[in-house]
Amino acid sequence: MEEPEDQSLCSDQRSAGPAWAFLHKPIISMVMGSLMSAAGALLLLLRSAGVSGASRSVASACLSVGLMFVAVGLVWIPVLKEKHRRRRLSQGLEDEC
């Protein structure tokens, strides 16, 4: 087994992963909201065509909750970007090696 090369106490933040890795939660929220909205819209269309016996309130609830998830994800992204930027700035000023 090889010994690990000389490691410093300061970790390089850029090698931790892709730059967009901190955005996975809002992306998941927007995808799930889009799927839920699509399911609500499909239920509304099937209900209006007379194919489905699903109640209109279930379709409306799916549609509105899905759109809320999409809105939360869209608002969450700029908040996380600003938080990430401030964290990088504070680490760059305080944690210099």
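The values are calculated or read from the model by the stated rules, or taken from the named source; none is laboratory data. Values in this document were obtained by computation on a predicted structure and should not be read as measured data. Backbone-built Cβ (ideal geometry, glycine too); neighbour counts: all protein chains shown.
For this structure, a couple of remarks:
- Filter result for the condition that a residue is surrounded by 15 or more Cβ atoms within 10 Å (Cβ to Cβ) and part of a helix (DSSP H, G or I), over GLY66, GLY92: GLY66
- Which numbered condition SER15 fails, given (1) at pLDDT below 80; (2) outside any helix (DSSP H, G or I): (2)
- Top-ranked residue of segment 32-57 - restricted to ones that are in contact with a Phe, Trp or Tyr (Cβ under 7 Å, 6 or more places away or on another chain) and aliphatic (A, V, I, L, M), ranked as nearest to PHE69 (Cα to Cα): MET32
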